[in-house]
Amino acid sequence: MDFGKILIFLGMTLIVFGFFIHYVGRLPGDIYIKRDNFVFYFPITTSILLSVVASLLFYIFFRFFR
């Protein structure tokens, strides 16, 4: 496999993830608990959605660039 294609794919993936995290932020289903001096944030919905997107990107990459 060509190393340049791998770098381009990884760069595009990071751009997509960065754009998603910056503009979407918290989704419904993410756990956010704020108390007096305690904040707990667990992005479960965001994690699942990013996992699905990453799986699709890797599927497309390995399907077409083999």
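Read the figures in this text as sums done on the coordinates, not as results from a lab. Just so you know, these numbers come straight off a predicted model, no measurement behind them.
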Notebook entry, point to check: Each residue of the range 10-15 in turn: what ³J(HN,Hα) in whole Hz from Karplus with 6.51, -1.76, 1.60 and θ = phi - 60°, glycine and Pro shown as x?
Noted result: 5, x, 5, 5, 5, 5
Next item on the list: List every residue whose amide H lies under 5 Å from the amide H of Leu27, counting only residues 5 or more places away in sequence or on a different chain, with H placed 1.01 Å from N in the peptide plane.
Entry: Thr46
Check: Quick one: length gained pulling Ile31 to Ser55 fully straight, 0.36 nm per residue minus the C-alpha distance?
Finding: 6.3 nm
Checklist line | Principal semi-axes in Å for the chain [√(5λ), Cα gyration tensor, largest first] | finding: 32, 12, 9
Next item on the list: Report the extension gain between Phe3 and Tyr23 in nm, rounded to one decimal, defined as 0.36 nm multiplied by the number of residues separating them, less their alpha carbon distance.
Entry: 4.2 nm
